[in-house]
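The values are calculated or read from the model by the stated rules, or taken from the named source; none is laboratory data. As the structure is a computational prediction, the values presented were derived from the model and not from experiment. Cβ placement follows ideal geometry from the backbone for every residue including glycine, while neighbour counts extend to all protein chains displayed. Areas reflect the complete protein model, heavy atoms only, side chains present, ligands, DNA and RNA absent. Shrake-Rupley method; radii C 1.70, N 1.55, O 1.52, S 1.80 Å.
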Amino acid sequence: MAAEDEDLTGPEGARPAPEPEARPAPPDEHRPEPRSVPELLLGRPPMARPLPSFDHEAAPAEPGPLFVDWLATALDAGVLDPQAFTLSTVDADGLPDARVLVLRDVDAAGTGWNFSAAADSPKGRQLADHPAAALSVYWPQLGRQVRVRGTVERAADLVAAAEFATRSPAARVGALVGRQSEPLGALTEYDEAVTVARRRLEATPDAVAPGHAVYTLWAHEVEFWQGDAQRRHVRLRYTRTGPVRSPEWSRTLLWP
């Protein structure tokens, strides 16, 4: 008898009874039917809530003070992470790139938005090759959006070092780890690098991450957008007519 046949036989050569066929599990009557993305989105229309108004005629002559006022309103309204904004750049191939950063300061008089980044990160390299960017922020509870476009200038290293000292210990440790956007084999590798960086910061509290940079986006255009549930959005665009740091501005009301 072949070995294969021996494996198929039971005691005294009797063949085992055939196993019952697998039956599909009964349907879960409580599981909702999968819905398409349009169905999911249509069930939650945007801005279907009371929103503040925006009197564009009473807006200041310059966009900087208005942005600061809107930011303070967002903080008072309890908007989560109101300082978070999207920075858009272009890479060497001219393809757009975007990511969420944290606003560090606003030069309301000169109309400059300050943020920090690693100079050797993708965004740092992109800004070095093409020092221009767009910034956008959206505060959902208020239905308000601000868009900024302009040129970007890197601050001196002393300014970057002073800004680095104001960051939280966790943020400084993360910056000291470095290697942003490089491939990571496992999260344990990152954990080990964090331990090394934390020990370095404890030993040298004034350590500054190599390549830590502070940038200012000097606005050429700034648009304030107040959403409306009935789509009667109010859009006010400021366009710079004067030099950087001491600009003059023209204002234009835009169609929604």
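List of remarks:
- Residues that are out of contact with any Lys or Arg (no Cβ under 9 Å at 6 or more places or on another chain) and within 13 Å of ARG144 (Cβ to Cβ), drawn from the stretch 50-75: SER53, LEU66, PHE67, ASP69, LEU71, ALA72, LEU75
- Residues within the stretch 50-90 that are of a type outside the set (A, V, I, L, M, F, W, C), under 18 Å from LEU253 (Cβ atoms) and not in a helix (DSSP H, G or I), tallied: 5
- Extreme residue, surrounded by the most Cβ atoms within 10 Å (Cβ to Cβ), among residues of the stretch 207-231 that are touching a Ser or Thr at 6+ places or on another chain (Cβ under 7 Å) and among the small types (Gly, Ala, Ser): ALA219
- Selection status of ALA59, of a type in the set (Gly, Ala, Ser), touching a helix residue (DSSP H, G or I) at 6+ places or on another chain (Cβ under 8 Å) and open to solvent by less than 40 Å² (accessible area, probe 1.4 Å): yes
- Qualifying residues in the stretch 232-254 (those that are small (Gly, Ala, Ser) and more than 14 Å from ASP107 (Cβ to Cβ)) - the one most open to solvent (accessible area, probe 1.4 Å): SER250
- Candidates ARG44, ARG15: the one that is at pLDDT below 95, in contact with a helix residue (DSSP H, G or I) (Cβ under 9 Å, 6 or more places away or on another chain) and either β-branched (Val, Ile, Thr) or open to solvent by 80 Å² or more (accessible area, probe 1.4 Å) (or both) is ARG15.
- Summed over the stretch 87-105, the residues that are among the aliphatic types (A, V, I, L, M), open to solvent by less than 30 Å² (accessible area, probe 1.4 Å) and in contact (Cβ under 8 Å) with a residue 40 or more places away in the chain give a count of 1.
- Listed by first and then second residue, the pairs with beta-carbon distance under 8 Å, at least 6 apart or on different chains, first residue in the stretch 134-156 and free of Cβ contacts under 8 Å to residues at least 12 places away in the same chain, second open to solvent by 30 Å² or more (accessible area, probe 1.4 Å) and of a type outside the set (Val, Ile, Thr), are TYR138/GLN145.
- Pairs meeting the criteria (first residue in the stretch 179-207 and on the phi > 0 side of the Ramachandran plot, second residue open to solvent by 100 Å² or more (accessible area, probe 1.4 Å) and at pLDDT below 90, beta carbons under 8 Å, at least 6 apart or on different chains) are lacking.
- Checking every residue in the stretch 136-145 against the condition of being open to solvent by 50 Å² or more (accessible area, probe 1.4 Å), touching a Phe, Trp or Tyr at 6+ places or on another chain (Cβ under 9 Å) and of a type in the set (S, T, N, Q) gives at least one match.
- A count restricted to the stretch 236-256 and to residues that are assigned to a strand (DSSP E or B) and in contact with an Asp or Glu (Cβ under 6 Å, 6 or more places away or on another chain) stands at 3.
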